[in-house]
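A short worksheet on the structure shown next.
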Amino acid sequence: MSKCDLYDVLAELGYGLVPKSRSERAAAFFYKNKRWLRELPERTCKVLVSIAKQFERGGIDELETHTLFDEAEVVAHGGFDALVGLNRPPQELIQETKVRLLA
């Protein structure tokens, strides 16, 4: 269970769902959301993919920190600025990424 996020531990305990590892969730995110990611500007896509990789390394806690946009790979792709100026608020894109990771 150490490779799973707390979300999966609780889902297993509470609902008997088969837990998925963070790696499995990240792989599913990349596969299931190719179309959604391609519809976004390239820089935005790369930042959201980098955020998903942070989840894979450290779980949902990595996405709930004020240093989310300080990660080198996120910074290299434009950081928070890559999410600004779209038809949706940046926080909404981040929240949707989290939901899609846990779906």
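Restricting attention to the stretch 67-75, does a residue exist that is more than 23 Å from Asp8 (Cα to Cα), of a type in the set (Asp, Glu) and not in a helix (DSSP H, G or I)? Don't jump to the end; show me each part of the working.
Keep residues of the stretch 67-75 that are more than 23 Å from Asp8 (Cα to Cα), which gives 67, 69-75.
Those still in the list that are of a type in the set (Asp, Glu) too: 70-71, 73.
Still in the running and not in a helix (DSSP H, G or I): 71.
Scanning the stretch 67-75 turns up at least one residue that is more than 23 Å from Asp8 (Cα to Cα), of a type in the set (Asp, Glu) and not in a helix (DSSP H, G or I).
For the stretch 83-93, indicate whether the set of residues that are surrounded by fewer than 14 Cβ atoms within 10 Å (Cβ to Cβ), out of contact with any Leu (no Cβ under 9 Å at 6 or more places or on another chain) and of a type in the set (Lys, Arg) is non-empty.
Yes.
Give me the residue from the stretch 31-45 that is touching a residue at least 24 places away in the same chain (Cβ under 8 Å) and within 11 Å of Leu83 (Cβ to Cβ) and, out of that set, surrounded by the most Cβ atoms within 10 Å (Cβ to Cβ).
The first filter runs over the stretch 31-45 and keeps only residues touching a residue at least 24 places away in the same chain (Cβ under 8 Å), leaving 32-33, 36, 40-41, 43-44.
With the extra rule that they be within 11 Å of Leu83 (Cβ to Cβ), the set shrinks to 40-41, 43-44.
Details: Leu40: 18, Pro41: 13, Arg43: 14, Thr44: 22.
Ranking the candidates gives Thr44 first.
Looking only at the stretch 15-39, how many residues end up being more than 20 Å from Ile60 (Cα to Cα), in contact with a helix residue (DSSP H, G or I) (Cβ under 8 Å, 6 or more places away or on another chain) and of a type in the set (Lys, Arg)?
Counting residues in the stretch 15-39 that are more than 20 Å from Ile60 (Cα to Cα), in contact with a helix residue (DSSP H, G or I) (Cβ under 8 Å, 6 or more places away or on another chain) and of a type in the set (Lys, Arg) gives 1.
Is there a residue in the stretch 95-102 that is touching a helix residue (DSSP H, G or I) at 6+ places or on another chain (Cβ under 9 Å), surrounded by 13 or more Cβ atoms within 10 Å (Cβ to Cβ) and closer than 18 Å to Ser2 by Cα?
So the first thing to find is which residues in the stretch 95-102 are touching a helix residue (DSSP H, G or I) at 6+ places or on another chain (Cβ under 9 Å), and the list is 96-98, 100-102.
Going one step further and asking which of them are surrounded by 13 or more Cβ atoms within 10 Å (Cβ to Cβ), we end up with 96-98, 100-102.
In the following step, the residues that additionally are closer than 18 Å to Ser2 by Cα were identified as 101-102.
So far as the stretch 95-102 goes, yes, one or more of its residues are touching a helix residue (DSSP H, G or I) at 6+ places or on another chain (Cβ under 9 Å), surrounded by 13 or more Cβ atoms within 10 Å (Cβ to Cβ) and closer than 18 Å to Ser2 by Cα.
Residues are listed down the side, and each one gets a yes or a no for (1) of a type in the set (Lys, Arg); (2) farther than 17 Å from Val99 by Cα; (3) free of Cβ contacts under 8 Å to residues at least 24 places away in the same chain; (4) buried (at least 19 other Cβ atoms within 10 Å of the Cβ):
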residue: Asp5; (1), (2), (3), (4): no, no, no, yes
residue: Glu12; (1), (2), (3), (4): no, yes, yes, no
residue: Phe29; (1), (2), (3), (4): no, no, no, yes
residue: Ile60; (1), (2), (3), (4): no, no, no, no
residue: Leu68; (1), (2), (3), (4): no, no, no, no
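Can Leu48 be described as within 23 Å of Glu12 (Cα to Cα), in contact (Cβ under 8 Å) with a residue 24 or more places away in the chain and out of contact with any Pro (no Cβ under 7 Å at 6 or more places or on another chain)? Outline the logic, then answer.
Values: within 23 Å of Glu12 (Cα to Cα): no; in contact (Cβ under 8 Å) with a residue 24 or more places away in the chain: yes; out of contact with any Pro (no Cβ under 7 Å at 6 or more places or on another chain): yes.
In short, no.
What residue, of Thr67, Thr97, is among the hydroxyl-bearing types (Ser, Thr, Tyr), modelled with pLDDT of 95 or more and out of contact with any Lys or Arg (no Cβ under 6 Å at 6 or more places or on another chain)? Reasoning before the result, please.
Values: Thr67 fails: modelled with pLDDT of 95 or more.
Checking each option against the conditions leaves just Thr97.
Just one of Ala52, Ala11 is of a type in the set (Gly, Ala, Ser), assigned to a helix (DSSP H, G or I) and touching a helix residue (DSSP H, G or I) at 6+ places or on another chain (Cβ under 6 Å); which is it? Reasoning before the result, please.
Working: Ala11 fails: touching a helix residue (DSSP H, G or I) at 6+ places or on another chain (Cβ under 6 Å).
Criteria check complete, one pass: Ala52.
Take the conditions modelled with pLDDT under 95, under 11 Å from the mean Cα position of the chain (by Cα), under 21 Å from Arg22 (Cβ atoms) and not in a loop (DSSP other than H, G, I, E, B) and apply them to Glu62. Does it pass?
Numbers: modelled with pLDDT under 95: yes; under 11 Å from the mean Cα position of the chain (by Cα): yes; under 21 Å from Arg22 (Cβ atoms): yes; not in a loop (DSSP other than H, G, I, E, B): yes.
Judged against the criteria, Glu62 is a match.
The values are calculated or read from the model by the stated rules, or taken from the named source; none is laboratory data. What you see is a predicted model, and the numbers here were worked out from it, not measured in a lab. In this analysis, Cβ positions are derived from the backbone assuming ideal geometry, glycine residues included, and neighbour counts consider all displayed protein chains.
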